[in-house]
Amino acid sequence: MNTPNLLQRMGNAIVRFVNRLATPSPHLSDPEDRLRARTLAFTSIGTLVVIILPAILRVTLWNTPQPIRWYVYFTTLAVLAAYSLSRTRRYRWGLYLTVLTYSLGSVVISLSTPDLSESTYVLTAAWNLGAIIIAGLLLSRRQFLRVIAVNVFLLSIPSLAGRAPWGWYGDMTLVFLAEAALLFGIAGASQRHAHEMAKSEQRFRELLNSTLEALVIHDGVHILAVNPAFERMFRCPEEQAVGRVPMEFVAPEARDAAWEAFLKNFDKPNAIIRSTALRCDGTRFEAEASLGMVTYERQSVLALSVRDVSRRVAAEAELRKLSRALEQSAHGVVITNPQGVIEYVNPAFTQMTGYTAKEAIGQTPRILKSGKHPTEFYAELWETIRSGETWQGEVVNRRKDGTLYWESQTITPVFNEDGKITHYVAIKQDITKRKENEEKIRKLQRAIEQSAHSVVITDRTGTIEYVNPAFTQVTGYTAEEAIGQNPRILKSGKHPRTFYQHLWNTIQRGEIWHGEFINRRKDGSLYWERASISPVKDDDGHITHFVAVKEDITQQKELEAELQRARDEALEANRLKTQLLGNVSHDMRTPLGGILGYSEMLLEGALGELSSEQRKAILHILQSTQQLIDFTNDLLNQAELESGRLRLHITKFPPHELLKTISATQSIAEAKGVHVHIETDPNLPETIYGDPYWLRQILANLLGNAVKFTEEGHIWVRLLGLEDEHWAIQVEDTGVGIPLEAQKHIFEPFRQVDGSPTRRYKGSGLGLSIVKQLVDLMHGEIRLESEPGKGSKFTVILPCQSTLTEEQAP
């Protein structure tokens, strides 16, 4: 800690304490009266310490005559009373009491001392001298002369009473008068100085009272004086303020900070302290106080100049709030001068346009010009704002990166006190997304208006709020007739009440209802509708509306009815066809079997040797008969498949047994000069599950096709073992092959590569169709690889463990 500063503060504290002891009454407004009261207080304190206390000790400890002792005690009380009166508006009473008490001292002491000596007589005159000194300092000259005359008389009383020689009196009178003359001159100068001081203090008080700022004079502890501005500002009369601690006029929550600021700035000239002030009525306001040292009533005291800055603080707070609002606003803000030069942009402008504040300030808004508006557009804008009016509109502008965007603008002129425009403020909002949404809404609206389907929008109670033109076209009700009604106006009475209850319950749960119903038009005619009714929910998930999209399906229903009738007729015709094919095929199999049997007997020479010509004829009979048998079998199989009566009989059997039934077909192939190769894969399971009869039919159909379409070359019949518990029948030939375009429908019934009556290769066109249907029944797969002129390869892939049992088979 700095020791000189500490000593200085301690000295100032002592001075303030002493000054506080001598502070006159605030009710004394005259500066001379206040000066006299303060001087009386100082004199009383000094006399009490220097003269009275030693005198009390002397008369108490020594053997002192009783009158002298009572005089000392009386004088002590008189001095105390004078000091007390110096702090009131009746300080003069204390002054007169002091002068009177001191003047009587010589008389009392001289008359009470048994053996009065010259030295004692001289000492008693000191009391009179005190009276003259006080009178010279505090009374007027006329009063001072009266006091001198009284005291000269009082000095003569001991001589008149025979207690002292007149020579003592003469000597003392001369000394007394010389001292009185000296004091008279000093008193005159002192009074002139006091008068000047009083005038100075009067000027100070006038200044104190006339200033508009609240002034507080205090000694560092208590308030000594306040001016009228303080009384008005703090709503507190001076008599209530004087004597109080200044901190009492600071809001409690701000006192610690204010006291800390006071201590910190105590020695700093022109220091300013800001705090929350507290009025006498309990209200608060923001205040600033300036500290300073002044001389008040001959002492150095502190002066606080207090200003009510509530409006300024509120304005600063409002300014900060507006500044934060501008900086944090989601809308772009641009401030220009009257010529349009940008002086301020907020961060939202930068985010919107890409131009930083540094890049924008000093430019004009033309940096955003897109070229999408005519010159007249901007001319009308400038004409509006220059006339002092606000312009509002939407503008297409260009960002720094060259992209276009839509913004909504409000440009307002700012006027000064003289009504002249000083600035323009533009509030800008990026509405690009809104424009895009509006365009989407317009597209949606046009789509709904131009939709061929009826669109109906109702509120959550079912009251119609919108219908599109298609609704009017379908129902006959105009929008004006439908809006405000309920969809029940279309009710036909063809559906039970539960039908509509289910519909309503579904959409009330927030689900979409799909269905068809019969409605009644305005003209009473009935029509079919297919409708989808969807709930519309708000952001909180609450249903607000229902939207129904409806399609008039009356013609479709009529067409479906016709198709159903045609289908029924076709099914009946197909049933009759299948029955006829079955009957015809069954009746043909017996004679064909006989022809085939006898032809084979003749060919084998059972009825005698045949010539080459006969053998050749028998071979033709055999081939033709086999073709008829194959054709008949295909018809029977197709009929059985179409009728749905075919049943698979699943058994366990060795797959190589399927090869035993192909000898006849193999013989035909060999007779044509086509060699048939039989290959069995070593990985083929020894036993499999399946229907041996129909598997032989599959193999026979595939091999028969290969023989039919192969004039020369080879045919391979393979039984293959595959992975994943599957096996395969594969028939490959070097025949004519199948074109790619024919492969798409080769497995359809009655379809052939060449379907003309004059085709070279005869057949029913059912063989591959039967194979495909049988493979599908067995949960298998058939694959075809073919190239015209090189041959074909058919692969049938089947599971080793059939997934069908006899009971499960269709």
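The values are calculated or read from the model by the stated rules, or taken from the named source; none is laboratory data. These numbers were taken from a predicted model, which means no experiment stands behind them. Note that we place each Cβ from the backbone using ideal geometry, even for glycine, and neighbour counts take in every protein chain shown. We work out accessible area using only protein heavy atoms, side chains counted, and drop any ligands, DNA or RNA first. Shrake-Rupley method; radii C 1.70, N 1.55, O 1.52, S 1.80 Å.
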Average Cα contact separation per residue, the range 329-436, under 8 Å, 6 or more apart, as relative contact order % | 28 percent
Straight-distance crosslink candidates among lysines, where the alpha carbon sits under 20 Å from K358 and sequence neighbours closer than 8 are dropped = K369, K400, K428
Between E248 and D776, what is the spin-label point distance in nm, taking each point 7 Å from the Cα along the Cα→C-beta axis?
-> 11.1 nm
Positive dipole terminus of the range 647-799, leading residue within V674, H656, P749 (C-beta point charges) | P749
Pairs beyond 21 Å (Cα-Cα), from K494/K557; K672/K708; K744/K793; K616/K790 | K616/K790
Run through every distinct alpha carbon pair of the range 329-436 and return the Kirkwood hydrodynamic radius in angstroms, one decimal place.
-> 14.1 Å
Per the 1/(1 + (r/R0)^6) rule, R0 = 60 Å and r from the Cβ atoms of I45 and R320, FRET efficiency to 0.05 is 0.65
Counting only Cα, what are the radius of gyration and maximum Cα-Cα distance Dmax of the range 389-430, in Å?
-> 13.4, 42
Quick one, what does Rg over Rh come out to for the range 48-87 if you take C-alpha atoms and the Kirkwood Rh?
-> 1.04
Straight-line reach from K522: which aspartates and glutamates have Cα under 19 Å away, leaving out those fewer than 8 places along the same chain?
-> E465, E480, E481, E551, D552
Would you pull out the residues with amide H under 5 Å of A271's amide H, same chain only if 5 or more places away, H placed 1.01 Å from N?
-> L291
Two pseudo-spin positions, 7 Å from Cα along C-beta at L444 and at L619, lie apart in nanometres by 8.2 nm
Compactness of the range 211-314, expressed as Rg and Dmax over alpha-carbon positions, Å | 12.6, 41
Computed over the range 211-314: relative contact order in percent, which uses C-alpha pairs under 8 Å that are six or more apart = 27 percent
Over the range 647-799, give the accessible area per residue in Å² for a 1.4 Å probe, as an integer.
-> 49 Å²
Heavy-atom accessible area ranking, 1.4 Å probe, most first, across V313, V333 | V313, V333
Which FRET efficiency value, to the nearest 0.05, is calculated for K433 and D539 with the Förster distance at 25 angstrom and r the Cβ-Cβ distance?
-> 0.90
With a Förster radius of 51 Å, plug the Cβ-Cβ distance of W504 and N416 into 1/(1 + (r/R0)^6) and report the FRET value to the nearest 0.05.
-> 0.15
What net charge is computed for the residues neighbouring A606, neighbours being all others with C-beta under 14 Å from the C-beta of A606, Lys and Arg scored +1, Asp and Glu -1?
-> -2
Mark the label point 7 Å from the Cα of L77 along Cα→Cβ and return the residues of the range 102-116 whose backbone N is within less than 18 Å of it.
-> 102-105, 108-109
Scaled by the rule-of-thumb 2.2 N^0.38 Å, the alpha carbon Rg for the range 249-362 gives a ratio of 1.66
Eligible lysines near K440 by straight Cα distance, threshold 22 Å, same-chain separation 8 or greater = K372, K537
Working out 0.36 nm times the residue gap between L57 and D681, then minus their Cα-Cα distance, what length gain in nm do you get to one decimal?
-> 209.7 nm
Euclidean distance of C-alpha centroids, the range 50-79 and the range 293-347, integer Å = 68 Å
Cα Rg, Dmax, the range 448-563, angstrom units | 14.2, 49
Say each of E383 and Y466 gets a label point 7 Å from the Cα, pointing the same way as Cα to Cβ; how far apart are those two points in nm?
-> 3.9 nm
Could you do me a favour and compute the accessible area per residue for the range 211-314, 1.4 Å probe, result in Å²?
-> 49 Å²
